[in-house]
Amino acid sequence: MPSIGVIQRMKIATALFASACAIAPNAIAMNAHAMDARIRSQLAKLDPQTRLEQRCDMEAMDRIKAAGKGYQPDKVIAYSFGDPKTIGNKLKTEGAVFRSKGEWYRLAFKCETSDDHFDVTAFKYRIGDMVPRDDWDAHYLYD
């Protein structure tokens, strides 16, 4: 389970990111190389560690949606089932989740970014099982 500090930091980052998405709702569906300037501006306000996490979460949504398997991700949380591991520009998590059509699914991914954490240079992911609704509260998941 993530620490309270991690949860607070991610809540702040999520609020900033959500406000950017409200301004530019189609921006998160764009290719990483064509990131909307408003999203980039919001990411620039984050500390480097949080920017790395948010940028990788955005990439996860883009990749899952682009795979054409019927998922429509609107949220990724990298830490629901365990803390992500970061080394430099790399983030790895086995404990992520994403929400699609009102349901949460387990997710694991490895993400590498540029030094400034704006451009994703490598990304691999694996979608897991749907998270039962009985488990949502314990992992801070919501409708």
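The values are calculated or read from the model by the stated rules, or taken from the named source; none is laboratory data. From a predicted model like this one, the values you see are computed outputs, not experimental measurements. FYI the Cβ positions are ideal-geometry reconstructions off the backbone, even for glycines, and counts take in every protein chain you see.
For this structure, a couple of remarks:
- Residues in segment 105-117 that are in contact with a helix residue (DSSP H, G or I) (Cβ under 8 Å, 6 or more places away or on another chain) and either in a strand (DSSP E or B) or under 19 Å from Tyr140 (Cβ atoms) (or both): Leu107, Phe109, Cys111, Thr113.
- Scan of segment 121-132 for residues that are under 21 Å from Tyr71 (Cα atoms) and either surrounded by 12 or more Cβ atoms within 10 Å (Cβ to Cβ) or touching a residue at least 24 places away in the same chain (Cβ under 8 Å) (or both), ordered by number: Phe123, Tyr125, Ile127, Gly128, Asp129, Met130, Val131
- Flag for Glu53 being free of Cβ contacts under 8 Å to residues at least 60 places away in the same chain, more than 23 Å from Asp134 (Cβ to Cβ) and touching a Pro at 6+ places or on another chain (Cβ under 7 Å): yes
Yes/no matrix, rows are residues, columns are (1) in a helix (DSSP H, G or I); (2) closer than 26 Å to Trp104 by Cα; (3) under 10 Å from the mean Cα position of the chain (by Cα):
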residue: Ser41; (1), (2), (3): yes, no, no
residue: Glu59; (1), (2), (3): yes, yes, yes
residue: Arg63; (1), (2), (3): yes, yes, no
residue: Lys69; (1), (2), (3): no, yes, no
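- Residue within segment 28-37 that is crowded, with 17+ Cβ neighbours inside 10 Å, outside any strand (DSSP E or B), touching a His at 6+ places or on another chain (Cβ under 7 Å) and of a type outside the set (Val, Ile, Thr) present: no
- For segment 71-80, the candidate set comprises residues that are touching a residue at least 40 places away in the same chain (Cβ under 8 Å) and over 16 Å from Lys110 (Cβ atoms); within that set, the residue that is surrounded by the fewest Cβ atoms within 10 Å (Cβ to Cβ) is Tyr71.
Yes/no matrix, rows are residues, columns are (1) modelled with pLDDT of 95 or more; (2) surrounded by 22 or more Cβ atoms within 10 Å (Cβ to Cβ):
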site	(1), (2)
Ile39	no, no
Pro48	yes, no
Asp62	yes, no
Ala66	yes, no
Thr86	yes, no
Leu91	yes, yes
Glu103	yes, no
Asp116	yes, no
